[in-house]
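Note sheet for the following structure.
The values are calculated or read from the model by the stated rules, or taken from the named source; none is laboratory data. The structure displayed is predicted, hence computed values, not measured ones. As a convention, Cβ positions derive from the backbone with ideal geometry for all residues, glycine included, and neighbour counts pool all protein chains shown.
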Ligand code: 5GP
């Protein structure tokens, strides 16, 4: 069920629990600004989720309210994780779903990194 990105942040969401280490994840990277872990239901050979440490519902919320340091930190983490996973030579995809039409299911901003195979067209027609 897609979330409403205009609602206030709810710290009971599953990624908030992963950030607080109340739930496990298969982490691949962590720094001051971001945590990255394997998606529980991967859609490609490499499917990593990167989330900011701060409490942001969606990309909309993050791009409006996060500090420049938080935005730089998340952006640099995404690039580094993809580079370290060896995805750059063959190429990869970065995706963030926002709200109802985007199909966002978890109300804590997450950026998907997909790779490891040809990823097909950007959107199904
Ligand atoms: P969205 O559709 O919101 O962009 O993507 C949510 C993603 O989170 C989905 O790809 C889903 O498989 C993943 N996901 C949902 N719950 C969990 C969880 O508890 N652990 C992990 N690692 N991934 C999850």
### Message
Being closer than 22 Å to residue 115 by Cα and surrounded by 15 or more Cβ atoms within 10 Å (Cβ to Cβ) is the filter here; which residues of the range 68-87 pass it?
### Response
73, 74, 75, 77, 78, 80, 81, 82, 85, 87
### Conditions (1) part of a loop (DSSP other than H, G, I, E, B); (2) more than 23 Å from residue 1 (Cα to Cα): number failed by residue 11
(2)
### Query
Which pairs do you get when a residue that is free of Cβ contacts under 8 Å to residues at least 60 places away in the same chain and within 20 Å of residue 4 (Cβ to Cβ), found in the range 89-117, comes within reach of a residue that is in a strand (DSSP E or B) and away from the ligand (no atom under 12 Å from the Cβ), reach meaning Cβ atoms under 6 angstrom, with the pair 6+ apart or on two chains?
109/52
### Query
Pick from the range 89-107 the residues that are in contact with a helix residue (DSSP H, G or I) (Cβ under 7 Å, 6 or more places away or on another chain) and near the ligand (Cβ under 9 Å from one of its atoms): which of them is nearest to residue 75 (Cα to Cα)?
96
### Filter pass, residue 19 being under 30 Å from residue 118 (Cα atoms) and either touching a residue at least 12 places away in the same chain (Cβ under 8 Å) or touching a helix residue (DSSP H, G or I) at 6+ places or on another chain (Cβ under 9 Å) (or both)
no
### Message
Quick check on the range 116-123. Is at least one of its residues within 14 Å of the chain's Cα centre (by Cα) and at pLDDT 95 or above?
### Response
no
### Task
For the range 88-125, name all the residues that are touching a strand residue (DSSP E or B) at 6+ places or on another chain (Cβ under 8 Å) and farther than 15 Å from residue 43 by Cβ.
90, 91, 108, 109
### Query
Which members of the range 30-41 meet the condition of being more than 8 Å from the ligand (Cβ to nearest atom) and over 12 Å from the mean Cα position of the chain (by Cα)?
30, 31, 32, 33
### Query
Quick one: residue 32 ticks every box in (1) within 25 Å of residue 2 (Cα to Cα); (2) touching a helix residue (DSSP H, G or I) at 6+ places or on another chain (Cβ under 8 Å); (3) loosely packed, with under 12 Cβ neighbours inside 10 Å bar one, so which box is it?
(1)
### Task
For residues that are over 13 Å from the mean Cα position of the chain (by Cα) and surrounded by 13 or more Cβ atoms within 10 Å (Cβ to Cβ), tally how many sit in the range 43-54.
2
